[in-house]
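What follows draws every value from the coordinates through simple rules; no lab data is involved. Computed from a prediction, not measured in an experiment: that's the story for all the values here. Methodologically, a virtual Cβ is constructed for each residue, glycine included, from the backbone with ideal geometry; neighbour enumeration extends over all protein chains shown.
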């Protein structure tokens, strides 16, 4: 697992990561989310010992990355797929990495096959497409059969078949009991594969929760259909609960679940013919949570410019 405690990184007077604490647990895919400039890349670099924390600490399987005699067996990471000498072949690159840890050629062949690179294994990496480079980076991350896998934007440049492959691979890795940390800007993909979420903004922890709990906390409420809206509304109102009427026999209720609304209606003999949670997507929940944490914010789209 990955354990960060009060992790902090400053560059001069700028705090990039601010007392960040979280745990990436075995058997789960943890989505690591945040706007551009939130500090995700810096955090992942500190996990790998590429950047030294200003304060706090981060451990992989109980030790700092540098404290492991064979770190590729502990954590495999993809941070920058293009950080490979362009003159090397895929098999040459992986073989060089394998030799640093005494990993045999058989394992090199296994990860090449796993990543679907068999047909290009002996071609120069400099001629690879972005998607092929991503596959090579993932093969390198899995080379040491690590207990922890950390991937930054792994589906970048992949075609639909590649995206499906990544989705299934992440589920398989977590199912094998590995801890998986996935950083991505693609909320739809994250929603499909992540069991847990760590969301940061301006280097600070905003949420450490499950996908379901984050979305539920951002629900627009429950749409209630009843012929007795005028009677049911006051029965539902209370501290932390808002009830609005559409005027056509529908109520919009925030602060109560559909089950709680049904219980109130039943207790007072009110017939309800619709209870529909008006949920939001992970993307909408994320945007709501990080609205005030954006370092870069686009201006609203305007109409056609006059010339």
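Beta carbons within 10 angstrom, averaged per residue: use that to sort the peptides 54-65, 36-47, highest first.
Packing order, densest peptide first, comes out as 36-47, 54-65.
Neighbour counts of other C-beta atoms within 10 Å: give me 128, 286 arranged from fewest to most.
Taking fewest neighbouring Cβ atoms as first place, the list is 128, 286.
Report the relative contact order of region 219-279, percent, no decimals, based on alpha-carbon pairs under 8 angstrom and at least 6 residues apart.
Answer for region 219-279 is 51 percent.
FRET efficiency for residue 36 and residue 68, Cβ-Cβ distance as r, R0 = 30 Å, nearest 0.05?
Once the sixth-power term is evaluated, E becomes 0.45.
DSSP beta bridges in region 2-210, what fraction antiparallel, as a percent rounded to 5?
Roughly 55 percent of the beta bridges in region 2-210 run antiparallel, per DSSP.
How high is the FRET efficiency between residue 119 and residue 260 when r is their beta carbon distance and R₀ equals 45 Å, given to the nearest 0.05?
So the FRET efficiency works out to roughly 0.20.
Between residue 14 and residue 231, what is 0.36 nm times their sequence separation minus the Cα-Cα distance? Round to one decimal in nm.
72.5 nm
Counting helices only, and only those DSSP H runs with n ≥ 4, report the 222 nm mean residue ellipticity of the chain as the sum of -39,500 (n - 2.57) divided by its residues, in deg cm²/dmol to the nearest 500.
Helix-only estimate at 222 nm: -9500 deg cm²/dmol.
Determine the relative contact order of region 41-193: mean sequence separation of Cα pairs under 8 Å and six or more apart, normalised by residue count, in whole percent.
That works out to 23 percent.
Can you tell me the relative contact order of the chain? Whole percent, Cα pairs under 8 Å, sequence separation 6 or more.
Over the chain, the number comes to 21 percent.
Return the label of the correct value of percent of Cα pairs over 25 Å apart, as calculated from the structure shown, out of (1) 47; (2) 59; (3) 65.
Label (2) holds the value from this structure.
Would you mind putting 201-208, 139-146 in packing order, based on average other-beta-carbon counts within 10 Å, highest first?
139-146, 201-208
Specify whether the C-alpha gyration tensor of region 27-91 places it in the rounded, prolate or oblate class, a ≥ b ≥ c being the square roots of the eigenvalues: rounded for a/c under 1.5, otherwise prolate if a/b is larger than b/c and oblate if not.
Oblate.
Using just the alpha carbons, could you tell me how many Å³ per residue the convex hull of region 219-279 encloses?
For region 219-279, the hull spanned by Cα atoms encloses 68 Å³ per residue.
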